[in-house]
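Peer 1: Just passing along the structure, written as structure tokens.
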Amino acid sequence: MRLVETTIAVNEERNRAIPDWVIAAHGGSVEGKTIAVLGIAFKPNTDDIREAPSLTAIPALQAAGATIRAHDPQAAEAAKPLLPGVTWCASPYAAAEGADGLVIMTEWNEYRALNLATLSRTMRGDVLIDLRNIYPPEEVAPHAFNYHSVGRKPRA
């Protein structure tokens, strides 16, 4: 039981830290910045948002002054009433349009297949935060992103 309790505690702490990671990746402030969030659901291939990290991360980022543009293939409708002030977009590229940073929160297959060159051209900024480690750093490197992923050294 202690292993399960410890695992739950570590996961909860990690989820609480997400806004801090996003803010740090943007130089310590997201005031006036637009952040694209890809993936609202707790896990891919579902509209289940119960205990989804996005439900706490997004309001914290909004409270820190960020504007949020979001996309999720299935969970957007369920999340809309819980996330006021979010601009919901029809595609990941629409969410990224003009964004200062982009955060991948759910490992949907369509996010694994993003055209990183197009994404880079679409965004205003260069911060890419991959909370699911779906992209190897060497795949991201040619696209000039300031890439951050879990447990990996940031690429500047």
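The values are calculated or read from the model by the stated rules, or taken from the named source; none is laboratory data. Keep in mind the model is a prediction, meaning the values are calculated, not measured. As a convention, Cβ positions derive from the backbone with ideal geometry for all residues, glycine included, and neighbour counts pool all protein chains shown. Keep in mind that these areas ignore ligands, DNA and RNA; they rest on the heavy atoms of the full protein, side chains included. Shrake-Rupley method; radii C 1.70, N 1.55, O 1.52, S 1.80 Å.
Peer 1: Two-decimal Rg/Rh of the chain from alpha-carbon positions, Kirkwood Rh? Write down the numbers at each step before the final one.
Peer 2: Values: Rg = 14.7 Å, Rh = 15.5 Å.
That ratio is 0.95, to two decimals.
Peer 1: Tell me the per residue accessible area of the chain using a 1.4 Å probe; a whole number in Å² is fine. Can you show the working numbers first?
Peer 2: On the way: 7910 Å² over 156 residues.
Accessible area per residue: 51 Å².
Peer 1: Please find, in a Gaussian network model of the chain (springs between Cα atoms separated by less than 10 Å), the residue of 82, 102, 61 whose mean-square fluctuation is greatest.
Peer 2: Per the Cα network of the chain with a 10 Å cutoff, 82 tops the list.
Peer 1: Sticking with this one: List, largest first, the extents of the alpha carbons of region 68-121 along their principal axes, each in whole Å.
Peer 2: Ordered largest first, region 68-121 gives principal extents of 33, 23, 16 Å.
Peer 1: All other residues with a Cβ under 12 Å from the Cβ of residue 45 taken together, and with Lys, Arg as +1 and Asp, Glu as -1, what is their net charge? Write down the numbers at each step before the final one.
Peer 2: Numbers: positive: 43; negative: 47, 48, 72, 107, 110.
My count for the surroundings of residue 45 gives -4.
Peer 1: What is the ratio of the Cα radius of gyration of region 94-156 to 2.2 N^0.38 Å, with N the residue count, to two decimals? Intermediate results must be reported in sequence, preceding the final value.
Peer 2: Numbers: Rg = 10.5 Å, N = 63, 2.2 N^0.38 = 10.6 Å.
Normalised by 2.2 N^0.38 Å, the Cα Rg of region 94-156 equals 0.99.
Peer 1: What is the percent carbon and sulfur in the accessible area of region 1-146, measuring with a 1.4 Å probe over the protein chains and ignoring ligands? Before the final figure, lay out the partial values.
Peer 2: Values: 3720 of 7180 Å².
Carbon and sulfur: 52 percent of the exposed surface of region 1-146.
Peer 1: A further question on this structure: Where is the GNM fluctuation largest for the chain (alpha-carbon springs, 10 angstrom cutoff): 33, 43, 80?
Peer 2: Greatest mean-square fluctuation among the candidates belongs to 80.
Peer 1: Lys/Arg Cβ at +1, Asp/Glu Cβ at -1, dipole of the chain taken about the Cα centre: which of 147, 102, 57 is farthest positive-ward?
Peer 2: 147
Peer 1: What is the distance in Å between the Cα centres of region 82-156 and region 13-74?
Peer 2: 12
Peer 1: Next up: Expressed as a rounded percentage, what relative contact order does the chain have, with Cα pairs under 8 Å and six or more residues apart? Please report the intermediate quantities before stating the final value.
Peer 2: On the way: 279 pairs, mean separation 32.2, N = 156.
Contact order relative to length: 21 percent.
Peer 1: Same structure again: Show that you can apply the helix-only estimate: for the chain, add -39,500 (n - 2.57) for every DSSP H stretch of four or more residues, divide by all residues, and state [θ] at 222 nm to the nearest 500.
Peer 2: Working: 7 runs with 58 residues, N = 156.
Theoretical 222 nm ellipticity from helices: -10000 deg cm²/dmol.
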